[in-house]
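Just below is one structure, and these are the notes that go with it.
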Amino acid sequence: MTSSSAPILLTGAGQRVGLHCAQRLLKDGHRVIFTYRTERSGVQTLRDLGATALFADFSTEAGILDFISELKTLTDSLRAIVHNASEWLAESTDSDAAAFTRMFNVHMLAPYLINLHCAELLQRSTQADIVHISDDVTRKGSSKHIGYCASKAGLDSLTLSFAARYAPAIKVNGIAPALLLFNPEDDAAYRTKALAKSALGIEPGSEVIYQSLRYLLDNPYVTGTTLTVNGGRHIK
């Protein structure tokens, strides 16, 4: 990947996939600005590696706009924006509206406003990309996690709309992963059932998302596309 003097903004990089991608970008010679909501060990790890950390609460419009204002005090250009910040909330009759609103804000309103307000930063870079990290679940819907799936599907739609709006100066693409990493508390029965949902049947880890991100950043002829990274779930 060709490095740039303009930094890459990566949201939600304090743990798991976001943390891995931030570390790999830094290793590849990129400057990285990343957001976090909770102070985790990974946040300090990235600081120690030279990345710039910005606290951000994307659950409200005010929090999103505050973040954009602070970002613009740190840099006047961006090589790319990678929207990785995500929220998963259980839906119940007591909290369904609040949960849906929060997931909508994190998955759709934050990328929408950041893309609109930071386009000028991207346009100052000779190469410019926006990448939305969506979810393979949008391919067929989810009866159990309707709000999560709907808000991620909205993010897929933003990919198409912003790609049309910002071409040819800014490429806009998405990545839609399925299972990447188990949680430590996941038991053997759950793991077996989850692995059986894909044709390849493996727990691939975070690197497959970095490989997909690298492809999108490097390829000059891809925009308005969402890469499916699901191990072949759609052919099972």
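The values are calculated or read from the model by the stated rules, or taken from the named source; none is laboratory data. Here the structure is a predicted model, which means the values were calculated and not measured. In this analysis, Cβ positions are derived from the backbone assuming ideal geometry, glycine residues included, and neighbour counts consider all displayed protein chains. Surface areas here come from the heavy atoms of the whole protein model, side chains and all, with no ligands, DNA or RNA. Shrake-Rupley method; radii C 1.70, N 1.55, O 1.52, S 1.80 Å.
List, in the order given, every pair from Lys72/Lys171; Lys171/Lys193; Lys144/Lys236; Lys27/Lys144; Lys27/Lys193; Lys27/Lys72 whose Cα-Cα distance in the structure shown is over 32 Å. Numbers along the way, then the final one.
Details: Lys72/Lys171 21 Å; Lys171/Lys193 37 Å; Lys144/Lys236 20 Å; Lys27/Lys144 39 Å; Lys27/Lys193 35 Å; Lys27/Lys72 24 Å.
Flagged as over cut-off: Lys171/Lys193; Lys27/Lys144; Lys27/Lys193.
For the chain, set up a Gaussian network in which alpha carbons nearer than 10 Å are linked by springs, and say which option among Thr11, Thr52, Thr73 fluctuates the most.
Thr73
Once ligands and nucleic acids are excluded and a 1.4 Å probe is used, how much of His30 is accessible, expressed in Å² to the nearest 10?
10
Inverting the mean 1/r over all pairs of different Cα atoms, compute the Kirkwood radius of the chain and quote it in Å.
18.1
Leaving out ligands, DNA and RNA, what percent of the accessible area of segment 8-229 is carbon and sulfur, probe 1.4 Å?
The nonpolar share, carbon plus sulfur, comes to 53 percent.
Just tell me the longest site-free run in the chain, where the sites are chymotrypsin sites (Phe, Trp or Tyr not before Pro) in a DSSP loop having at most 14 other beta-carbon atoms within 10 Å.
Looking at the chain, 89-181 is the longest stretch - no exposed chymotrypsin sites (Phe, Trp or Tyr not before Pro) with at most 14 other Cβ atoms within 10 Å.
For segment 8-229, what does the accessible surface come to per residue with a 1.4 Å probe? Please give it in Å².
Averaged over the residues of segment 8-229, the accessible area is 47 Å².
Helix hunt in the chain: which complete DSSP H runs extend at least 24 Å axially by C-alpha with mean Kyte-Doolittle at least -1.0?
On the way: long enough: 146-166 (30 Å, 0.48).
What comes out of the filter, once short or polar helices are dropped, is 146-166.
Please give the contour-minus-distance gain from Asp66 to Leu200: 0.36 nm per residue of separation, less the Cα-Cα distance, rounded to one decimal in nm.
Roughly 44.0 nm would be gained on extension.
Which whole-number percentage describes the relative contact order of the chain, with Cα contacts under 8 Å and a sequence gap of 6 or more?
18 percent.
Just going by the charge dipole of the chain, with Lys and Arg at +1 and Asp and Glu at -1 on Cβ, which of Thr225, Ala56, Ala119 is farthest out on the positive end?
Thr225
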